[in-house]
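First the structure, in the form of structure tokens, and then the observations on it.
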Amino acid sequence: NITFTEYGIKSDIYIVPPLTYDTLEKHIDMLQENLNCLIILNHTKACKWINAKFIYNECNTKKFELVPLKYPFQLYIGNDYSGCPITVDLKDYPHLLISGGTRSGKSKMEDCIITTSVCNFKSDELQLYLCQAAKSDLVLYEDLVHTRAFADNLEKIKLVLNYITNTVMTERDKLIRPYRKKALADNYHDYNKLKKTQNIPTTLIIFDEMSSLYQVNGEGGDEKKLKQEITELIDRIAQYGASLGCFLISSVQRPTVNNLSSFVKSQSTSNVSFKQNNSKSAEVATDNPSLPLGLKQREFVYHLDNWEYGIVPWINNKEIYELIKPHLDSHHRNLFDDLKKMKSRNGIKKDKYPITNNVGTHFETAEELLNKNISKINNFVPYETHTGRKIIDKTKLSNITNKPIKKGRIKDDNR
């Protein structure tokens, strides 16, 4: 079953004893060198057939083009070697994990995902929460009307995740629950089919370089505690967010057992790996110690049902800016402004008090803030009323009601 394609040849290979799949994969480097092509093998366990692709034309010069998407939960991640676009359906494969070494192409894939999504859908259909504790690559998308929050430090990241888990997911669950009781809707996809207006938007929580959140060795107690609270909130989104329309897109540079949550990895049913620098990182990323080792820049392997190969097209920041320019608004509504307005409703001036970490779960009233400020006064002794005692003031005159006797003539009453 040999077929000639734009990228080369695809064929089915039958495993004849004593040949095995492991033996063929072991000699894959020698075969690629002799045939002068890239060989991709897909094999299902308990099956004697191997689906093979012999790629001679890698299409590594292809430039970025906008890809039409039908639903906001679809992501464009790149192209296959024939030039056809690759899309990931988060409805069937929720949460996307991207890994790879420095300058391997992870950031360019995130650019393709965000740029394509915002150009296809309106802000009431798609919401973005951008979290980046290490670098500032995602600041290019801060002013998008789709961006509800851009968090560039740990305090803001915790604030954003608190809001998503305690407000967004809670409110969406309340909307879906009555329909779930009647067996009409199990998730936000079913709810949106029933409700023609006020649909629940798809929410993407994008983390760039998540591994910094799991590096706690040698850090102070406060920062270590903060990171642990953040990772717990991430686990909650990974566990319950998919049915409520909240999806994680996580990026990790060098995956190890210490800087990548095994729970997040298990919940990320869409897995992408760029070139890994060693077999240990390759095994953590793909459960295969050799699969992503020989990749070139912008080449990646991805797993939905099987492992496939793809490549990210060329794109630069100027091209991105021109494409997203119609959707930029530096004064658009965002999460941090909304939280400040909620604080001002309690009688607090907007700019006088900064946003605290517990915003989104409890807002301090004016009386609580007044008591807090009074308690900071040095040598202040609060007034306490006396109880159980009677104070007698002996300086007062005695209560005598009889009038004094006047001197002089005595009045005769019988007269």
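Just so it is clear, none of the values below were taken in a lab; they were calculated from the coordinates. Keep in mind the model is a prediction, meaning the values are calculated, not measured. All Cβ positions, glycine included, derive from the backbone under ideal geometry; neighbour counts span all protein chains shown.
Between ASP29 and LEU184, 0.36 nm times their residue separation minus their Cα-Cα distance comes to what?
50.5 nm
For the range 314-323, putting each phi into the Karplus relation 6.51 cos²θ - 1.76 cosθ + 1.60 with θ = phi - 60° gives couplings of 6, 7, 10, 5, 5, 5, 4, 4, 5, 6 Hz, in residue order, rounded to whole numbers and with x for Gly and Pro. Relative to the current alpha-carbon distance between ARG177 and ASP305, full extension at 0.36 nm per residue lengthens the span by 43.0 nm.
For the set LYS158/LYS325; LYS174/LYS195; LYS135/LYS158; LYS63/LYS296; LYS135/LYS318, the pairs lying more than 23 angstrom apart at their alpha carbons are LYS158/LYS325. Sequence-ordered 3J(HN,Hα) estimates for the range 19-35 from the Karplus curve with 6.51, -1.76 and 1.60 and θ = phi - 60° stand at 5, 10, 5, 4, 5, 5, 5, 5, 9, 5, 5, 5, 5, 5, 5, 6, 8 Hz, glycine and proline given as x. For the range 91-164, the spread of Cα coordinates along the three principal axes comes to 33, 31, 26 Å, biggest extent given first. Expressed to the nearest 5 percent, the antiparallel share of DSSP beta bridges inside the range 1-151 is 85 percent. Packing, as the average of other Cβ atoms within 10 Å across residues, places the peptides 81-90, 325-334, 172-181 in the order 81-90, 172-181, 325-334, highest first. On full extension, the segment bounded by LEU194 and THR20 gains 57.5 nm, given 0.36 nm per residue less the C-alpha separation. Remark: for residue pairs LYS53/LYS108; LYS91/LYS181; LYS108/LYS340; LYS62/LYS193, the C-alpha separation exceeds 32 Å in LYS108/LYS340; LYS62/LYS193. Here the spin labels are modelled as points 7 Å beyond Cα on the Cα-Cβ line, and at ASP287 and VAL139 they lie 4.0 nm apart. Let's test the formula: R0 of 35 Å, r as the Cβ-Cβ distance of LYS225 and GLN297. What FRET efficiency results, to the nearest 0.05? After rounding to 0.05, the efficiency reads 0.35.
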